[in-house]
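Notes follow once the structure below has been shown.
Each value in this text was obtained by applying a stated rule to the coordinates, not by laboratory testing. Here the structure is a predicted model, which means the values were calculated and not measured. Every residue, glycine among them, receives a Cβ derived from its backbone with ideal geometry; neighbour counts consider all protein chains shown.
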Amino acid sequence: MNKIAKGADKLEKMKLPHSAGLSFLSKTCDNHEIVAFGKKVIKPVQMMLIDGLEVCPRCEKERQDELLREEQQHFYDNAQRLIKHNTLLRDSLISDKTILNARFENYEVNQDEQRANKQKVMSLSEQYQLGNIFNIFIQGTTGAGKSHLAYSLLKSIHDSSETTSCLYIDIDEMIRKIKDSFNNKESKYTESYFVNLLTEVDFLVLDDLGAEVGSIDTTRQATDFIQRVLRAVLNARQDKCTITTSNLSSVQLKSIYDKKIISRLFKNPRYVVFQKTEDQRVKNVPF
Ligand SMILES: Nc1ncnc2c1ncn2[C@@H]1O[C@H](COP(=O)(O)OP(=O)(O)O)[C@@H](O)[C@H]1O
Ligand SMILES: [Mg+2]
Ligand SMILES: [Zn+2]
């Protein structure tokens, strides 16, 4: 009796429950190599018969290891996806906290323009969810509900799919954080932090473009670094969806930002314009 047959005999005698239907074969599997004296040599592995199936225990172990590796990879991918998906809640800059509660459902429509714009943004959300890529420009006076609609849109995209990443950035707040990082070396909110963050996401809201340069009738050129950040972000986002809101007209924007930024911003966007809607924040004040 050879060594392997003896082993099988022993297993049989021990009557281990897992030994049922298991025996060794004289066949070997020649798919395995070892390195001996710096050379690869084939190491034959004795095949087994398990429940009527011929199995190489080494191949079987490798297959199990691969399954485990795949499972771990899957787990890791899922974690990465969740980290990406959570960008909206983790990394957004929203200075007006009321906007966090903005939804299509609580966007009231008291006039035709609001109704039409809400309808339009809801249908643009559906187009995004179908995979269409385009930019949106929401323009109108302060308090008209631009940020409310922009956040509602972003939240609807975020909730519709776990594989998308969304980010809402109050531009003024971002610029203040970058400026602060110039003097505060501990700050993580550097120019490159924001350029990377804003470039990565699938859906980006740039809220209140132009507010960062001060009053709306300014014709002053936005300082160099603001232009630099916007140019880098818009340049890198040409195959992604960017939603911009602004109080400023295109004429005013053109006087502030350089040509490259303007051409990226107005490269075939869908426009949502408020011309009649007044400030929704003060409409309930009785005087
Ligand atoms: N149609 C609306 N229904 C309900 N709340 C609104 C509506 N429009 C604006 N608001 C609320 O009024 C405030 C100002 O609106 P916001 O979207 O910030 O205006 P804008 O960005 O145009 O300056 C926010 O708290 C917003 O949620
Ligand atoms: Mg706003
Ligand atoms: Zn094998």
Response to the item:
By the rule of another cysteine's Cβ lying under 4.7 Å, the cysteines of the chain that fail to get a partner are 166, 241
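Is the C-alpha gyration tensor of region 102-235 telling us rounded, prolate or oblate? Criteria: a/c under 1.5 is rounded; beyond that, a/b larger than b/c is prolate, otherwise oblate.
It is oblate, given that a/c is not under 1.5 and a/b is not larger than b/c.
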Discussion item. I need the peptides 31-42, 58-69, 135-146, 256-267 ranked by packing, meaning the mean over residues of other C-beta atoms within 10 angstrom, with the highest value on top.
Written reply: 135-146, 256-267, 58-69, 31-42
Item to complete: Could you name the aspartates and glutamates whose alpha carbon sits less than 15 Å from that of residue 240, not counting residues in the same chain fewer than 8 places away?
Response: 200, 202
Worksheet item: Using the alpha-carbon atoms, what tilt in degrees (0 to 90, nearest 10) does helix 191-200 show relative to the longest principal axis of the chain?
Response: 70 degrees
Worksheet, complete the sentence: In debye to the nearest 20, the charge dipole size for the chain, taken about the Cα centre with +1 at each Lys and Arg Cβ and -1 at each Asp and Glu Cβ, equals 680 debye
Item to complete: Tally the DSSP beta bridges in the chain and give the antiparallel ones as a percent, rounded to 5.
Response: 40 percent
Worksheet item: What order do you get for 93-99, 239-245 when each peptide is scored by the mean count of other beta carbon atoms within 10 Å, highest first?
Response: 239-245, 93-99
Worksheet, complete the sentence: Under the helix-only model (-39500 (n - 2.57) for each DSSP H run of 4 or more, divided by the residues of the chain), the mean residue ellipticity at 222 nm, to 500 deg cm²/dmol, is -14000 deg cm²/dmol
Worksheet, complete the sentence: If one builds a Gaussian network model of the chain from Cα atoms under 10 Å apart, the most fluctuating residue listed among 254, 276, 185 is 185
